[in-house]
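Okay, structure first, notes after.
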Amino acid sequence: MKFGGTSVANAEAIARVAAIIQEQTMAGHCNVVVVSAMGGVTDALTRGVSAAAAGDDSVYCDVANGILSRTREAAESLIPAHDDRAAVLVNAKKIMDGYTAVCESVHVLAEATPRVLDRATSCGEPLVALLLAAHLRGMGVSAQSVKPELVIATDDTFQDAAPLTAETRAQCCDRVIPLISEGVIPVIGGFIGATTEGVPTTLGRGGSDFSAAILGQALDADDVWIWTDVDGVLTADPRLVPNARVIPVLSYGEVGELAYFGAAVLHPRTIRPLVDEGIPLWIKNTFHPEVEGTRIDAEVSPVAGTVKAVTDVRGLSMVTVEGRGMLGVPGIAARTFEAVARCKANVLMISQASSEQSICFVIPSDDVPCVTGELDEEFALELARREIDCVGTLADVCVVTALGAGMRGISGVAGRLFMALDRHEVNIIAIAQGSSECSVSIVVTERDVEDAVLAIHEEVI
Ligand code: ADP
Ligand code: ASP
Ligand code: MG
């Protein structure tokens, strides 16, 4: 079971989480608990290091003090036993002193590398693990916090590390399974791992979901439950569509597309470790545990002609490579995407006109300078000869995606989708359909994105 940032934001929330764990334990379930940092903490830790790199040495001190007082406040109300509370606070101070020391060196060097950022941002989750484990012990439930660096082994892609399955499994055998066998609940900070040399890494923002899935796989779990602050996966982002509804069941494929195309409810890589083993995933609400939530597994029979959800991704740009000289010339697409790959940019969507005179694709706006630079260099000769007219960029676009396996092979769905957009006067810049046929993505301007999502939600879902 994994509990997100809002679910562990303060003493009251952590007490609610502990009650859920106790109830599940009494129901005979054997639990391993993964926790996020308190809401806002990872952002604050990042802010402190970035300010230090930019020459400001006051922000990280304020951040460290702020986090320590939040931890102390929670400890005072959650951990009545004096000794246990003092031990938690000594540990918390040690963790935050580590953060301050890292920020001091960042300030001196005026640079924060991805490796250093991981070291600094991995301080939030362990604090919650300490608080929750101590609180559970105070309730008479055996629990112990476990350092995530000793459990989840990863490669060294700092800020976006990938798990090493065999090593993680071996570390779970050494450090997690013995606790479970003794009836002790392991409480592990999510988001964090370490290389085999012991250097801390993180799994990318929102990565605690991924941690839970990695551990679910390594421990051969029966289920993985993600506890969050909404009733399950909803038909749209509730911040944009207030009447979004809970989707009772989704397939791994559907939820994978949903997370990839921007639904913030789940880290996009979460399902990967679960698919092979067929471990079901549940999304549930910490604040309404009685609500069933969303079940995600392999066996979902789609209802033909239905769309399950709509998502949006913002902060994107569309890059176009175009020119008459591209027609029938092999290798242009390969060279285009090799140039993109050199920037490690994530391509959300690709579309090529059938005349082969242009290729356009959508990437995060932050990657545009690198990608256009690489493309200009790659095609310098073709640009000089006017075989390629230009490498153009359209900024401030969004990808809106309608998805659901029920769309497969049903032509009417696309028709309904485009009619709805037309009625709301949304201008479509580009279209792509996933080869799984379980999603259709459209590119619209930032100005049109809310109308597009609302139109699809209202008329198609
Ligand atoms: P946690 O801290 O528990 O990991 P997140 O903030 O990462 O929670 O994810 C939950 C949030 O995701 C919800 O509060 C909701 O605002 C947002 N969200 C966006 N799209 C969806 C969706 N389709 N279904 C559910 N929640 C969504
Ligand atoms: N605390 C991390 C973040 O905010 C990981 C998580 O909450 O899933 O990104
Ligand atoms: Mg999250």
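The values are calculated or read from the model by the stated rules, or taken from the named source; none is laboratory data. A quick note: this is a predicted structure, and the numbers were derived from the prediction, not measured. For neighbour counting, all protein chains shown are included, and Cβ atoms are generated from backbone atoms with ideal geometry for every residue, glycine included. What goes into the accessible areas is simple: the full protein's heavy atoms, side chains included, and nothing from ligands, DNA or RNA. Shrake-Rupley method; radii C 1.70, N 1.55, O 1.52, S 1.80 Å.
Values computed for the structure shown
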| item | result |
| --- | --- |
| Of all residues making up the range 199-222, the number that are over 13 Å from ASP276 (Cα atoms) and either within 13 Å of ligand 1 (Cβ to nearest atom) or not in a loop (DSSP other than H, G, I, E, B) (or both) | 14 |
| Some residue of the range 344-357 being more than 21 Å from the chain's Cα centre (by Cα), open to solvent by less than 40 Å² (accessible area, probe 1.4 Å) and not small (Gly, Ala, Ser) | no |
| Search result, residues across the range 175-198 that are out of contact with any strand residue (DSSP E or B) (no Cβ under 9 Å at 6 or more places or on another chain) and either in a loop (DSSP other than H, G, I, E, B) or closer than 24 Å to GLY98 by Cβ (or both) | GLU182, GLY183, GLU197, GLY198 |
| Filter pass, ALA259 being over 25 Å from ALA13 (Cα atoms) and within 16 Å of ligand 2 (Cβ to nearest atom) | yes |
| Which listed residue, of LEU454, LEU417, LEU381, is surrounded by fewer than 16 Cβ atoms within 10 Å (Cβ to Cβ), part of a helix (DSSP H, G or I), at negative phi and among the hydrophobic types (A, V, I, L, M, F, W, C) | LEU381 |
| Inter-residue pairs, beta-carbon under 6 Å, first touching a residue at least 40 places away in the same chain (Cβ under 8 Å) and open to solvent by less than 10 Å² (accessible area, probe 1.4 Å) and in the range 131-146, second part of a helix (DSSP H, G or I) and of a type in the set (S, T, N, Q), 6+ apart | none |
| Residue pairs meeting the criteria (Cβ under 7 Å; at least 6 apart or on separate chains; first farther than 14 Å from LEU375 by Cβ, in the range 327-345; second among the polar types (S, T, N, Q) and outside any helix (DSSP H, G or I)) | LEU327/SER355; LEU327/GLN357 |
| Condition met for VAL17 (within 16 Å of ligand 1 (Cβ to nearest atom) and hydrophobic (A, V, I, L, M, F, W, C)) | yes |
| Condition check for ALA53: away from ligand 3 (no atom under 16 Å from the Cβ), open to solvent by less than 40 Å² (accessible area, probe 1.4 Å), within 21 Å of ASP160 (Cα to Cα) and touching an Asp or Glu at 6+ places or on another chain (Cβ under 7 Å) | yes |
| Which numbered condition VAL88 fails, given (1) buried (at least 20 other Cβ atoms within 10 Å of the Cβ); (2) within 16 Å of ligand 3 (Cβ to nearest atom) | (2) |
| Lone unmet requirement of (1) surrounded by 15 or more Cβ atoms within 10 Å (Cβ to Cβ); (2) not in a loop (DSSP other than H, G, I, E, B) for ILE461 | (2) |
| ASP43 vs. criteria away from ligand 1 (no atom under 16 Å from the Cβ) and surrounded by fewer than 17 Cβ atoms within 10 Å (Cβ to Cβ) | no |
| Those residues of the range 366-378 which are surrounded by 15 or more Cβ atoms within 10 Å (Cβ to Cβ) and either of a type in the set (Ser, Thr, Tyr) or over 30 Å from VAL255 (Cα atoms) (or both), in sequence order | CYS370, THR372, GLU374, LEU375, GLU378 |
| All positions within the range 432-451 that are assigned to a strand (DSSP E or B) and touching a residue at least 60 places away in the same chain (Cβ under 8 Å) | ALA432, SER439, SER441, VAL443 |
